[in-house]
Amino acid sequence: MALQRTFIINSPYPFSILLLPTNYSLLTRMIELQRKLMGDTTRNTAFEAALRATIKPGDTVLDLGSGTGFLGFLASKIGAKQVICIGSGDIIN
């Protein structure tokens, strides 16, 4: 099953389009994985530090394989003017 999730975030007010699978079991596994990733403080702190060292105010950021869009939201918070997040699926495969 191909999944396609696309988030378009224009700071500071996000607009998103989210397409999810209709298979409940797959959806549940996806949510559980994302919950674990979002709760990993060490991982998320390291990603935020890396983004802060890389992103300059006014940058445009492309996040491929964005999942929940968490890193895109961090990029926006750090000062990216525009963040384009594209989730996994046929569009990038």
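The values are calculated or read from the model by the stated rules, or taken from the named source; none is laboratory data. Not measured: the values here are computed from a predicted model. Note that we place each Cβ from the backbone using ideal geometry, even for glycine, and neighbour counts take in every protein chain shown. Heads up: the accessible areas ignore ligands, DNA and RNA and are worked out on the full protein's heavy atoms, side chains in. Shrake-Rupley method; radii C 1.70, N 1.55, O 1.52, S 1.80 Å.
From the list G87, G67, G79, G72, which residue is in contact with a Cys (Cβ under 7 Å, 6 or more places away or on another chain) and surrounded by 11 or more Cβ atoms within 10 Å (Cβ to Cβ)? Full working, then the answer.
Values: G87 fails: in contact with a Cys (Cβ under 7 Å, 6 or more places away or on another chain); G67 fails: in contact with a Cys (Cβ under 7 Å, 6 or more places away or on another chain); G79 fails: in contact with a Cys (Cβ under 7 Å, 6 or more places away or on another chain).
When all the criteria are applied, what remains is G72.
Here L3 clears all of (1) open to solvent by less than 90 Å² (accessible area, probe 1.4 Å); (2) of a type outside the set (V, I, T); (3) at pLDDT 60 or above; (4) within 15 Å of the chain's Cα centre (by Cα) except the condition numbered (3).
Take T42 and tell me if it is farther than 17 Å from F73 by Cβ, of a type in the set (S, T, N, Q) and at pLDDT 85 or above. The answer is yes for T42.
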